[in-house]
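I have placed the structure first, in the form of structure tokens, so that the comments after it can refer back to it.
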Amino acid sequence: MKLVQLLASPQGRLARGLLGLALLALGVRMSGMVGWAIAAIGLIPLLAGAADVCFLAPLFGLPIGGKEIRASH
């Protein structure tokens, strides 16, 4: 549950965005389908951080929205 709180925090959102950008850049630099797959996977944390959602939260019985997670704790 602390992991979800961290991911929903502003620092967690920034970390997810940076991770997504790094994976996206790595995938674009690589060639072939593997590179494009890595780039596509990088979009998930990038967009989740930008949209302020945490896809792990429902596994712990918490709402998916970051604002709601922060308000509940």
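Structural remarks
- Neighbours by Cβ (under 7 Å, 6+ apart or cross-chain): first from region 2-26, within 12 Å of Ala48 (Cα to Cα) and touching a residue at least 40 places away in the same chain (Cβ under 8 Å); second open to solvent by less than 90 Å² (accessible area, probe 1.4 Å) and part of a helix (DSSP H, G or I): Leu7/Arg16; Ala8/Gly66; Ala8/Ile69; Arg13/Gly49; Arg13/Gly66
- For region 60-73, the set of residues classified as open to solvent by less than 70 Å² (accessible area, probe 1.4 Å) and assigned to a helix (DSSP H, G or I) consists of Gly66, Ile69, Ser72, listed by residue number.
- A count restricted to region 14-36 and to residues that are crowded, with 16+ Cβ neighbours inside 10 Å and out of contact with any Cys (no Cβ under 9 Å at 6 or more places or on another chain) stands at 5.
- Cβ separations smaller than 6 Å between residues 6+ apart or across chains give the following pairs from region 61-73 residues that are closer than 17 Å to Lys2 by Cβ to residues that are open to solvent by 50 Å² or more (accessible area, probe 1.4 Å): His73/Gln5.
- Taking the criterion of being modelled with pLDDT under 95 and more than 15 Å from Ala8 (Cα to Cα), the residues of region 31-73 that qualify are Ser31, Gly32.
- Residues satisfying the stated conditions in region 2-59, i.e. on the phi > 0 side of the Ramachandran plot and not in a helix (DSSP H, G or I): Asp52
The values are calculated or read from the model by the stated rules, or taken from the named source; none is laboratory data. Bear in mind that the values here come from a model prediction, so they are computed numbers and not experimental data. As a convention, Cβ positions derive from the backbone with ideal geometry for all residues, glycine included, and neighbour counts pool all protein chains shown. Areas reflect the complete protein model, heavy atoms only, side chains present, ligands, DNA and RNA absent. Shrake-Rupley method; radii C 1.70, N 1.55, O 1.52, S 1.80 Å.
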